[in-house]
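What follows is one structure encoded as C-alpha cells, with my remarks underneath.
The values are calculated or read from the model by the stated rules, or taken from the named source; none is laboratory data. All values derive from a computational prediction rather than experimental measurement. When we count neighbours, we look across all protein chains shown, and the Cβ atoms used for this are built from the backbone with ideal geometry, even at glycine.
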Amino acid sequence: MGQSPTINVWMSHGDVIERLASADIIGYTRNTPVAAFRIPNIYGVQFHPEVHHTEKGDKILWNFLYKICGCERNWTVESFVRDKIEEIKREVGSDGRVVCGLSGGIDSSTTALLVNKAIGDRLTCIFVDNGLLRKGEKEEVLNTFEDNFKMRMVFVDAKERFLNGLRGVKDAEAKRKIIGEQFINIFEEEASKLGNVDFLAQGTIYPDRIESARARSGGVASRIKSHHNVGALPEKLGLKLIEPIKDLYKDEVREVAKELDMPPQILNQHPFPGPGLAARVIGEVTGDKLRICREASRIIEEELKRSGWYDKVWQAFAIVGDDVATGVLGDARSLGRIVTIRVVESREAMTADFVKLPYVVLESMSKRITNEVKGVTWVTYATSSKPPSTIEPC
Ligand code: XMP
C-alpha cells in the first residue's frame, strides 16, 4: 500500500526459523531458510520495520496498524498526561509519599514532574552530584526544579565519594558497577533519612525495558554494557515502584515533557548516560581528565548550537583517554592529551551514524579546544558508526 515494489530492509540474522510445518515458504536469504512464509490468508515476513535503516519502516507499520489491523488513533499527549496524573494519584493514595532520583535528564525530570503534578510535595527528589556531571548541570537542575517548579529537593554533594571509589579503576564495566553501587548507597542513606516513604518513582522508558530484558535473557546486550545499574533499588529499599513513562519512547517522552512545560534547556538537551562523564573518560577517571572532558564537551555543544547543528544530532561530546601527542607551545614542544570529538545521529540509540559535520564547524571546535582547554594538544573526530562501535567509548 503506497510502497514501491522493492525496498531495502534490515533483518537480524541472529534469529532464524529453521523449519515451519504446513506453510508455503516464499522468501529466504543466504542465512535464513525461512524469511517469509504464507499460511492461507496470513503472511509472515522477518525483518525490522522499526529500525531507521529500513526504508519507509514507519509507513509499513502505519499500514499494518491502521489499514490491516484496523487500530484507532485515540492516544494523545494531553490524554496521556491527564490519565497518568490520575493513575498516580490513585496508586499513591491520599497520604502516600514518593521519592525520586532526579538526574536532570529528560526521563527522570519528566517522571518527577508528572508525580509532582499528581501529589505535590509528598514527592521528594534526590539529586546527587557525582562529580561526573556536565558543565553547569548542577546549577541548572537546582534552578529548574527547586526554584522554578518549587519541588521538594534533597541535594547531595558526593563528588569526593565517587572519585575516591573510582580511583585506580580502568575497566569500563567496573566503573559502571562502582558508580551504580555508590548511587544506590547514597540514595538509600538519603531515602532512609526521609522517614516514611512508600514509593520510588523511576524514569524507566520502553527501550530500557527492551535492553534489560535482553540482558536478563543473557543476550548480546548483556555483554555490551550494563546500562541499568540501579535496578536493585526498589527491592533494597522495600518500596513500591512507580514508572509512569515506561511505555514511551524518547521522542514521546519529549512530547510529554513539553506538555508539562519543561524548560527548553532540559527538553532539548542530548541524552546523557547514568555513569556521566565516566563513560567518556577512557581508563582511570581522574580530576584532570574529567576537567578536559567537561570543558571540551561544553565547547562542542556551544559550537553545535552556534552553527545550528545541536538539534539535528542525537548526541555530541568529547572523549578523553590516556594517549598523549606532541604539540607546540610558544617555541617549545610539549606533550598534551588527545581529545576525540564524537557526534552521532540516531533514532533510538540502537544504531547510530557519525555525523558528517562541515569542516568549518569541526575546525572551530578543534581550535577552541586546543586554545581554551589547558593540556590538550590534538583533537580528532570519531568516524565510527554503531555497529560496530557503540555511542559511548566505554
Ligand atoms: P551505547 O554506548 O551503548 O549507548 O551505544 C546507547 C545509549 O545509551 C547511553 N548509555 C547509557 N545510559 N547508563 C545509561 O543510563 C549507561 O551505563 C549507559 N551507557 C550508554 C548512551 O549515552 C546512548 O544514548
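Quick notes on this structure:
- Taking the criterion of being assigned to a loop (DSSP other than H, G, I, E, B), farther than 22 Å from residue 313 by Cβ and not small (Gly, Ala, Ser), the residues of the range 252-289 that qualify are 260, 261, 284, 285, 286.
- Checking residue 245 against (1) modelled with pLDDT under 95; (2) under 16 Å from the mean Cα position of the chain (by Cα), the condition it does not meet: (1)
- Number of positions in the range 328-343 that are at pLDDT below 95 and not aliphatic (A, V, I, L, M): 4
- Against the criterion of being over 27 Å from residue 168 (Cβ atoms) and within 16 Å of the ligand (Cβ to nearest atom), residue 254 qualifies.
- Residue identified as modelled with pLDDT of 95 or more and among the hydroxyl-bearing types (Ser, Thr, Tyr) among 364, 346: 364
- Of all residues in the range 64-89, those that are in the same structural domain as residue 110 (by TED's automatic domain parsing) have Cβ atoms under 7 Å from Cβ atoms of residues that are in a loop (DSSP other than H, G, I, E, B), 6 or more apart or on another chain, in 81/260; 84/244; 88/244.
- Scanning the range 283-317 for residues that are polar (S, T, N, Q) and either crowded, with 23+ Cβ neighbours inside 10 Å or out of contact with any strand residue (DSSP E or B) (no Cβ under 6 Å at 6 or more places or on another chain) (or both) yields 286, 297, 307.
- Only one of 150, 117, 135 that is basic (Lys, Arg), without any contact (Cβ under 8 Å) to a residue 24 or more places away in the chain and surrounded by fewer than 23 Cβ atoms within 10 Å (Cβ to Cβ): 150
- In the range 318-333 there is at least one residue that is in a loop (DSSP other than H, G, I, E, B) and either buried (at least 18 other Cβ atoms within 10 Å of the Cβ) or acidic (Asp, Glu) (or both).
- Residue check for residue 382: touching a helix residue (DSSP H, G or I) at 6+ places or on another chain (Cβ under 8 Å), of a type in the set (Gly, Ala, Ser), farther than 14 Å from residue 295 by Cβ and within 16 Å of the ligand (Cβ to nearest atom): no
- Hits in the range 18-35 (condition: within 34 Å of the chain's Cα centre (by Cα) and surrounded by 15 or more Cβ atoms within 10 Å (Cβ to Cβ)): 32, 35
- Residue match in the range 354-375 (condition: part of a strand (DSSP E or B), away from the ligand (no atom under 16 Å from the Cβ) and buried (at least 18 other Cβ atoms within 10 Å of the Cβ)): no
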